Amino acid sequence: METTTQTGSREWQGVTVPAPGTFVIDASHTRVGFVAKHLMVTKVRGSFADVEGSFTVPENPLEASAQATMKSASLSTGSADRDAHVKSGDFLDVEKWPEVSYRSTCVSGVSGDRFTVHGELTIRDVTRPVALEVEVDGVAGDPWGGERVSLTARGEIDREEFGLTWNVALEGGGVLVSKKVVLEIDAQGVRAS
């Protein structure tokens, strides 16, 4: 029995989405990052270089699913000293908890060109619900005969809910590291089926 694979994009309720199928994350074209404030005024960005995962888009995109795993030790913020601190027991404790993971649980709807994806984020063996606003940036063929889809996702967490409570009070008020952390994901997936 021969199976056929749909490729390309389609319009669904006014939004361009990929044809049904499963996509594997291309880590070399994906950035899973975050932004936290330092000294209450400066944005510090970081990201995980080692990312694995996939997402499936069925006929009804509201039934889509996704999962991703990031190796905690692959974190980089652009400063070796800061990286060592964030990887230590004060924050990620990468020796004890080597992975950060996300698994979607449902897609609640579409607003304009964005889908709201609900899921569970696990950091340090603590799992909390996290909603991401996801936008499909485009679908394109690649020079090797494959098909790729690009997604952008944004969300926000309170890091203390995951046990990341280390901080230092500032003399003038406020704290060294913000509780709020913004998640920034730019993912490219390669069609697997």
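Check the range 3-14 and report whether any residue there is closer than 30 Å to V136 by Cβ, in contact with a strand residue (DSSP E or B) (Cβ under 7 Å, 6 or more places away or on another chain), at pLDDT below 95 and in a strand (DSSP E or B). The answer is yes; a qualifying residue exists. Taking the range 164-173 as the range and being surrounded by 15 or more Cβ atoms within 10 Å (Cβ to Cβ) and without any contact (Cβ under 8 Å) to a residue 60 or more places away in the chain as the test, only N167 passes.
Scan the range 38-61 for residues that are under 19 Å from the mean Cα position of the chain (by Cα), part of a strand (DSSP E or B) and of a type outside the set (S, T, Y) and report the count. Residues that pass the stated criteria total 10.
The values are calculated or read from the model by the stated rules, or taken from the named source; none is laboratory data. Remember, predicted model here, so these are calculated numbers, not experimental data. A quick note on method: Cβ atoms are made from the backbone with ideal geometry, for glycine too, and the neighbour counts reach across all protein chains shown.
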